[in-house]
1. At R0 = 45 Å, how high is the FRET efficiency between Ser157 and Arg268 if r is their beta carbon distance? Nearest 0.05 is fine.
2. What nm distance separates the two modelled labels at Asp128 and Val180, each placed 7 Å from Cα along Cα→Cβ?
3. Report the label-to-label distance for His305 and Ala229 in nanometres (one decimal), using points 7 Å from each Cα along the Cα→Cβ vector.
4. If you take the square roots of the eigenvalues of the alpha-carbon gyration tensor of region 158-212 and sort them as a ≥ b ≥ c, do you get rounded (a/c under 1.5), prolate (a/b over b/c) or oblate?
5. I want to check the label-to-label distance for Ala360 and Leu382. Put each point 7 Å from Cα in the C-beta direction and report it in nm to one decimal.
6. Among the lysines, which fall within straight-line cross-link reach of Lys162, defined as a Cα-Cα distance under 22 Å, with same-chain neighbours fewer than 8 residues apart omitted?
7. Spelling out what I want: for every residue of region 102-116, take phi, set θ = phi - 60°, compute 6.51 cos²θ - 1.76 cosθ + 1.60 (Karplus), and round to whole Hz; glycine and proline get x.
8. How would you order 278-287, 183-192 from highest to lowest mean count of nearby Cβ atoms within 10 Å?
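Bear in mind these aren't lab numbers, they're just calculated from the coordinates by the rules spelled out. No experiment lies behind these values; they were computed from the predicted model shown. Cβ coordinates were reconstructed from backbone atoms using ideal geometry, including for glycine residues, and neighbour counts include every protein chain displayed.
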Amino acid sequence: MSLVFDITTLLWLLPLVFALGWIASRVDIRQWRRSEQQAPKAYFRGLNFLLNEQQDQAIDSFIEAVQHDPETSELHFALGNLFRRRGEYDRAVRVHEHLLARSDLSNADRQRAQHGLAMDFLKAGLLDRAEGAFRKLENTPFATEAQLALLAIFERSRDWEKAIEIAKRLESGEQGSFRVRRAHYHCELADVALQAGQTDTAMAALEQAIQLAPESPRAYLAISALQAAQSETSAALETLFKLARRAPTATPLIAQRLVGLATTPDARDRVRQQLQSFDQLGPSLDVTLALSALDAAEATGLLVHHLERTPSLATVAQLVKQDPAEVPALNHPLVSQAINRAAAPLTRYRCAACGFEAKAYFWQCPGCQSWDSFPARRVEEL
C-alpha cells in the first residue's frame, strides 16, 4: 500500500515539477530579456547625454548599463574616459585596472586598457606610475603615442638624459625631426652642469647642442655668457657675431649683450655695423635701444626715427625716459607713469602656439610647453 501511494504521489508531483520548472524558465527568460533591453537603452541614453555635453547624466546611464551587463568592455572604456575627462582619476584607474584583471579580455582591448590606465596616471600627475604604464605599451599600436607621452613626462620631471634617449628613438622611427628639441635638452644639461660647477661638461653639452641645431640661438647665448664669465670678452663677442650670421632674426635677443661686450673702439664699431645692418631689414625696439646705448647723444634722434617708422606706445615711453624736456607736456610724473603702465603689456613676448605672454623670453613656453614658440620681437612689433 505504501509503495502504491509513493508511486501515485510521484506521478502526481511530476507534472507539478515540470510546471514549476517551465514557469521559472519563463521568468528567467523574461528577466534576461528585460535586462538585455534595459542595458542598450541605458547605453544609448548615455550616448545621448554625451552628445548634449551632460557628463553627469551620461555617467549615471553608463553605470546603469554596466550593472545590467558587467562583461561589456566598451561600457567600461566609455566610463573610464568619462571619469578621466571629469578629473576623477581614481575612479578612472579602478575601471581600467578592472578591465586588465579580466582573463577573457582580447589582446587588443588589453592594450587599449593599458593605454587608458597610463593616461589616467599621467593626467593625475603620477609621473612614476605613468612612466611604468607607458613602457608596457612598447611593440603595440600605441607605441609611438606612448613614447611621445614619455617624452612629455621626462620634460616635466626634468630628466633630460631619458628625454634625449626617447627623442632619438622617435627620430629613428621616422616620427619627424627632434634635433632642435634634443639641442634644448643638451642646453638644460649644461645648466645643470654649471650649477654643479662643471664648466667643461657644460661647454661640451652646449657644443653638442650647436651641432644638432646650428641655427638655434640658445646654445650660442649660453656659450657667450660662459666665455664672458671667464673674462674671455673677445671670444664671447665672436660667439654672438657667429649667431648673428647663422640666425639674423635672433639679433634683437642679443642686441644689449653685444653692446655690453663692446669694450674697445673697434668692437663698438663692429657692433654698431651689425645692429645697423639688422635695423635696415626691419625696425626693432631692442636694436634701436642698443644703438642708443652706443651713442647716447643720438638716442633721442634714433628713437624718433624708430617712432616714425613704427608708431608704438612702447617707443614713446622710451623717448620720455631719454629726454622728457623734448616733450614738456609729457614731463609730468603722472603722465609718465600712465604711459609706462599702458606700454608695459606691449613690451612682453607672446607664445605663437598658445598666446601666453611674459616679460622674459622663454625657450619653452610655460603655458603649452612648446619649444621655440616665442618670436624674438615683442608684442607691439608683431
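1. Here the calculated transfer efficiency is 0.50.
2. 3.5
3. Computed distance between label sites His305 and Ala229 equals 3.7 nm.
4. prolate
5. Here the answer is 2.0 nm between the modelled labels.
6. Within reach: Lys123, Lys136.
7. Once rounded to whole Hz, the list reads 6, 7, 8, 6, 5, 4, 5, 5, 5, 5, 5, 5, 5, 5, x.
8. So the order, starting with the most tightly packed, is 183-192, 278-287.
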